[in-house]
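Please read the structure below before turning to the comments.
The values are calculated or read from the model by the stated rules, or taken from the named source; none is laboratory data. None of the values given here were measured: they were computed from a predicted structure. Protein only, heavy atoms only, side chains kept; ligands, DNA and RNA dropped before computing areas. Shrake-Rupley method; radii C 1.70, N 1.55, O 1.52, S 1.80 Å.
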Amino acid sequence: MEWRIKYFNNSVEKAILGLPAGILAKYLRLTDLILEFGPNLGMPHTKFLKSGLIELRVKSKEGIARVFFCTIINKQIVMLHVMIKKTQKIPKKEFRIAMLRLKEVKENES
C-alpha cells in the first residue's frame, strides 16, 4: 500500500494551493518525495514536533512556509494547517490550530 495525502478541510487545501509559485512548487516536490518514501524525509525537509505532529519545511526565494501534518492508519497523511513563516519561532496561535486539528483527526481515526 502506498502513501496517500488528504487535507483536513477544503480551506487548508486552498491555502496551500494559494501559496506563492516558488513555495508551491517546492511543496509539490516535497509531497512527491513523501508519497514515494514516507513522511520521514528528515531535516531540513521534515521535523517531528510532538504528539504525532510533523512539520513540512518549505523554503524558496519567495519565503518560508510550514505545513503541519500527521499520519493515520492505512498510510494516510493529513495536511492540517499551513502558514507563511515570518519569525524565527512558530507563532503559538498557528501551533495551537495545528494541535487542535491533530487532536480532532486522531479522535476520529478509530
Worksheet item: Can you name the number of the only condition in (1) at negative phi; (2) open to solvent by 50 Å² or more (accessible area, probe 1.4 Å) that I72 fails?
Response: (2)
Item to complete: Kindly indicate whether any position in the stretch 2-11 is at pLDDT 90 or above and assigned to a helix (DSSP H, G or I).
Response: yes
